[in-house]
Amino acid sequence: MVSTAETRKAVEDVSADYKYGFVTDIDTEKAPIGLSEEVIRFISAKKNEPEWMLKHRLKAYKMWLKMEEPDWSLLHYEKIDLSKTYFYSAPKSAADGPQSLEDVDPELLETYKKLGIPLKEQEMLAGVQNIAVDVVFDSVSVATTFKKTLNEKGIIFCSISEAIIDYPEMVQKYMGSVVPMHDNFYAALNNAVFTDGTFVYIPKGVRCPMELSTYFRINEQNTGQFERTLIIADEGSYVSYLEGCTAPQRDENQLHAAVVELVILDDAEIKYSTVQNWYPGDKDGKGGIYNFVTKRAACRGVNAKVSWTQVETGSAITWKYPSCILQGDGSVGEFYSVAITNNHQQADTGTKMIHIGKNTKSVIISKGISAGKAQNIYRGLVKVMSNAENARNFTQCDSLLIGDRCGAHTVPYIEVKNPSAQMEHEATTSKISEEQLFYCQQRGLNIEEAMGVVVNGFCKDVMIQLPMEFAVEAQKLLGISLEGSVG
Amino acid sequence: MLEIKDLHVEVGGTGILKGLNLTINAGEVHAIMGPNGAGKSTLSYAIAGKEGYEITKGSVTFKGKNFLALECHERAGEGLFLGMQYPVEIPGVSNMNFLKTALNSIRRYKDLPEMAAVEFLKFIRSKASELKMDIEMLKRSVNVGFSGGEKKRNEMVQMAVLEPCFAVLDETDSGLDIDALRTVSEGINRFRSPENAALIITHYQRLLDYVVPDFVHILAEGKIVKTGDKDLALYLEEHGYGAIENDAA
């Protein structure tokens with residue numbers, strides 16, 4: 001339930017300004033402005049990368065040069081001038097590689113405190129909270145916790161930069177195997193300039209004992225953020241991964257183009273949850289993050305399972321389709337999404353379920369909420385290949401409109417090449433009812449709380465998929481995101 | 001407790017209440033009866049502060065405070081409960097969570113500490129059993145898939161939990177079978193106390209067999225045209241509204 005005292009306070013806190021809209025003053029080392037081969041070499045050298053990684057980047061860069069920015073989505077925005085963008089910046093203290101939290105810039109730690117991530121406390125409370133946090137601040141991972149516990153199980157949880165140096169075989173084998181570097185404009189760009197991200201490997205038969213969590217944060221002005229995440233679940237393993245984001249307030253648009261690849265082998269399962277709360281721009285739509293993400297999971301093994309859960313409340317523009325390639329027989333793909341857009345936000349999000357193996361199943365539950373002048377688009381593809389006997393899909397897309405100046409659009413594509421497939425698609429669009437709000441208010445809830453209750457109810461099918469730690473935060477976010485949209 | 005003076009209310013530019021006067025003291029139960037379109041529900045919404053019900057003239061004073069200056073949820077915080085004629089469904093929100101949120105909102109308004117989960121669970125269980133409400137029902141979404149009787153019973157559970165001092169019950173008896181009517185009546189009678197007061201809006205005098213009002217008012221064309229005791233309701237039952245309106249004219 002959203003309307004706790006804490007939530008109310010949180011709503012009050014953001015009533016004037018975006019809560020996380022502060023700027024941390026930390027010296028950074030920047031790459032030269034713009035994108036060139038020289039910049040890529042600079043990034044690679046900064047990170048002491050092996051030769052093969054540099055070659056990979058340069059190859060991607062050459063491909064990217066020939067590609068054009070896509071314009072098929074319903075999104076409207078000013079193109080970002082990449083020649084005026086910095087592609088690399090690292091907090092100085094981190095460039096020397098802090099070995100523990102004590103080595104971390106105190107100001108950085110202060111930033112985490114403002115964000116509500118008491119890292120030290122979290123480490124001490126590890127036994128209670130069971131969360132390991134690998135924090136990406138700007139582009140370099142500065143602190144990784146709980147490695148020891150994970151090491152004992154043979155689990156690898158580190159920054160992608162470390163993985164490139166420490167586990168090159170694995171990175172070479174899997175990186176780009178799910179999202180090829182030429183996949184799309186932003187993915188190619190990411191391959192050329194990605195600076196950091198997370199690497200996870202869960203060995204055969206291991207159930208990861210804790211939720212793995214990464215908080216991403218964009219800090220440096222004009223710095224594109226290009227994370228790269230690779231998670232591999234070996235046979236019979238299980239991991240739940242949480243990703244959450246906040247960002248400081250900025251006037252200029254910031255580009256975020258991450259690539260996330262998940263590889264799931266026989267009988268393994270990955271649960272990937274995201275709460276995305278980047279700066280959405282001000283009430284007039286100025287500023288805000290551009291979030292152009294490529295997320296894809298490959299269920300390579302028999303009975304492999306992947307579950308994407310996302311709560312998208314932030315960013316000026318979201319362009320994101322976490323997808324599942326259901327290659328292994330009996331594999332399962334799930335996509336649960338809540339996308340909230342308010343004021344001038346635009347979200348074009350959905351999923352792709354590609355059924356290749358026999359007896360593959362997919363579930364899509366999408367809840368879109370629009371308020372203010374925002375536009376919310378669900379775009380999804382369910383594709384059943386000719387060999388995918390007995391493939392099944394269930395899709396449900398619900399849209400909720402608040403006010404009369406927003407929009408909701410549903411664009412489902414269904415391609416079936418095998419006659420044994422069973423496809424179900426349900427879609428609804430409704431307006432938030434005055435009667436519901438009045439009923440709640442008459443029972444003592446103020447308008448924001450009433451809205452929070454009704455919206456959380458609308459999103460419940462998705463919210464229950466979130467791990468407990470995230471669910472509470474996400475429920476609050478729903479209320480906060482819609483603040484000022486009524487009354 | 002409640003004092004309404006010369007109340008004029010418009011809905012979408014149309015005058016519905018045209019100079020209504022009503023005073024209800026603590027300990028009293030009043031019933032308002034009247035033909036369709038007389039403005040009974042408008043009165044309840046105007047007291048509760050629903051959007052779209054414009055007060056063009058008059059005053060509503062509640063426990064000495066200018067009620068019209070307060071927002072809807074603040075009026076609830078002051079102790080007003082409106083049992084609705086058509087309780088709305090809120091999909092995905094469990095009855096239990098809804099009640100806890102509502103109760104704690106009201107407690108915050110009254111500067112009381114919020115009730116913790118365990119304490120609340122005990123509290124709600126006892127209230128539910130008083131009103132013979134299945135605890136399973138508390139786990140279901142608010143009013144979703146409830147029968148008419150279940151919805152009205154649920155309103156009574158909410159009233160018992162939120163502990164208001166003044167209840168407006170808008171046709172709470174409509175659509176109830178005799179057993180549900182009894183349960184609802186018991187709920188109202190249990191609520192009755194020297195500190196509390198209630199305004200029962202009803203079409204039929206049936207409910208008044210179980211809940212005996214101190215006063216019965218007849219509302220017609222936006223005004224109270226006649227006031228009496230329980231016998232007025234019986235007279236009405238026998239002769240119809242027409243007779244009263246003729247009397248008034």
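Would you point out which residue out of B:K100, B:K127 is facing chain A (nearest Cβ under 7 Å) and at pLDDT below 95? It is B:K100. Scanning segment B:39-76 for residues that are charged (D, E, K, R), facing chain A (nearest Cβ under 10 Å), crowded, with 18+ Cβ neighbours inside 10 Å and over 20 Å from B:Y109 (Cα atoms) yields no hits at all. Screening B:Q85 against (1) under 30 Å from B:Q205 (Cα atoms); (2) within 14 Å of chain A (Cβ to nearest Cβ); (3) surrounded by 21 or more Cβ atoms within 10 Å (Cβ to Cβ) leaves a single unmet condition, (3). Among the criteria (1) surrounded by fewer than 18 Cβ atoms within 10 Å (Cβ to Cβ); (2) more than 12 Å from every other protein chain (Cβ to nearest Cβ); (3) of a type outside the set (D, E, K, R), the one B:P91 does not fulfil is (2). Yes or no: segment B:16-35 includes at least one residue that is buried (at least 21 other Cβ atoms within 10 Å of the Cβ), in a helix (DSSP H, G or I), out of contact with any Lys or Arg (no Cβ under 7 Å at 6 or more places or on another chain) and not basic (K, R). No - not one qualifying residue is present in segment B:16-35.
Mind checking whether some residue in segment B:210-231 is more than 30 Å from B:K57 (Cβ to Cβ) and touching a Ser or Thr at 6+ places or on another chain (Cβ under 8 Å)? Yes, the conditions are met somewhere in segment B:210-231. Among the numbered conditions (1) within 14 Å of chain A (Cβ to nearest Cβ); (2) touching a Lys or Arg at 6+ places or on another chain (Cβ under 9 Å), the only one that B:M137 does not meet is (1).
This table checks each residue for (1) more than 25 Å from B:I32 (Cβ to Cβ); (2) touching a helix residue (DSSP H, G or I) at 6+ places or on another chain (Cβ under 7 Å); (3) among the aromatic types (F, W, Y).
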{"residue": "B:L112", "(1), (2), (3)": "yes, no, no"}
{"residue": "B:A117", "(1), (2), (3)": "yes, no, no"}
{"residue": "B:L121", "(1), (2), (3)": "yes, no, no"}
{"residue": "B:L131", "(1), (2), (3)": "no, yes, no"}
{"residue": "B:M137", "(1), (2), (3)": "yes, yes, no"}
{"residue": "B:V142", "(1), (2), (3)": "yes, yes, no"}
{"residue": "B:S147", "(1), (2), (3)": "yes, no, no"}
{"residue": "B:E171", "(1), (2), (3)": "no, no, no"}
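For segment B:206-222, the tally of residues that are over 17 Å from B:E237 (Cβ atoms) and crowded, with 20+ Cβ neighbours inside 10 Å stands at 1. Residue-level analysis places B:S105 outside the set of residues that are more than 10 Å from every other protein chain (Cβ to nearest Cβ) and either surrounded by 12 or more Cβ atoms within 10 Å (Cβ to Cβ) or within 14 Å of B:E163 (Cα to Cα) (or both). Screening segment B:140-172 for residues that are part of a helix (DSSP H, G or I) and closer than 18 Å to B:H203 by Cα and picking the one that is farthest from the other protein chains (Cβ to nearest Cβ) gives B:G149. Annotation note: Cβ proximity below 7 Å between a residue of segment A:33-58 that is within 20 Å of A:H182 (Cβ to Cβ) and touching a residue at least 60 places away in the same chain (Cβ under 8 Å) and a residue that is among the basic types (K, R) and surrounded by 14 or more Cβ atoms within 10 Å (Cβ to Cβ) (sequence gap 6+ or interchain) occurs for A:I40/A:R57.
Answer yes or no as to whether A:Y413 is at the interface with chain B (Cβ under 9 Å from one of its Cβ atoms), hydroxyl-bearing (S, T, Y) and either without any contact (Cβ under 8 Å) to a residue 24 or more places away in the chain or surrounded by fewer than 21 Cβ atoms within 10 Å (Cβ to Cβ) (or both). No.
So, of the residues in segment A:29-41 that are under 27 Å from the mean Cα position of the chain (by Cα) and in a helix (DSSP H, G or I), which turns out to be farthest from A:E162 (Cα to Cα)? Selected residue: A:V39. Counting only strands (runs of 3 or more DSSP E) that sit completely within segment A:285-366, those holding 1 or more residues that are more than 13 Å from the chain's Cα centre (by Cα) and at pLDDT 95 or above correspond to A:289-299, A:305-312, A:323-326, A:332-341, A:352-355. Each residue in segment A:75-94 was checked for being modelled with pLDDT under 70 and loosely packed, with under 15 Cβ neighbours inside 10 Å, and 1 pass. Here B:K230 fulfils each of the conditions (1) within 20 Å of B:N21 (Cα to Cα); (2) crowded, with 18+ Cβ neighbours inside 10 Å apart from (2).
Residues of segment A:367-393 that are closer than 30 Å to A:V454 by Cβ and assigned to a strand (DSSP E or B): A:K367, A:G368, A:I369, A:S370, A:Q375, A:N376, A:I377, A:Y378, A:R379, A:G380, A:V382, A:N393. Scan segment A:325-353 and report the pairs whose first residue is at positive phi and whose second residue is of a type in the set (D, E), with Cβ atoms within less than 9 Å and a gap of 6+ or a chain change. Going by the 9 Å Cβ cut-off, the qualifying pairs are A:N343/A:D282; A:N343/A:D284.
Taking (1) modelled with pLDDT of 90 or more; (2) surrounded by fewer than 18 Cβ atoms within 10 Å (Cβ to Cβ); (3) of a type in the set (A, V, I, L, M, F, W, C) in turn, A:M385 satisfies each apart from (2). Which pairs turn up if I take residues in segment B:194-209 that are under 19 Å from B:D231 (Cβ atoms) and touching a residue at least 24 places away in the same chain (Cβ under 8 Å) and look for partners that are part of a loop (DSSP other than H, G, I, E, B) and among the β-branched types (V, I, T) with beta carbon separation below 7 Å, at least 6 apart in sequence or on another chain? Taking only residues 6 or more apart or on different chains, the pairs are B:I200/B:V211. Here B:K139 passes the criteria (1) surrounded by 14 or more Cβ atoms within 10 Å (Cβ to Cβ); (2) in contact with a strand residue (DSSP E or B) (Cβ under 7 Å, 6 or more places away or on another chain); (3) of a type in the set (D, E, K, R) except the one numbered (1). How about segment A:259-284: which of its residues are farther than 21 Å from A:F470 by Cα and either of a type in the set (A, V, I, L, M, F, W, C) or modelled with pLDDT of 85 or more (or both)? Scanning segment A:259-284 gives A:V259, A:E261, A:V263, A:I264, A:L265, A:D266, A:D267, A:A268.
The values are calculated or read from the model by the stated rules, or taken from the named source; none is laboratory data. On a predicted model such as this, the values are computed, not experimentally measured, just so you know. When we count neighbours, we look across all protein chains shown, and the Cβ atoms used for this are built from the backbone with ideal geometry, even at glycine.
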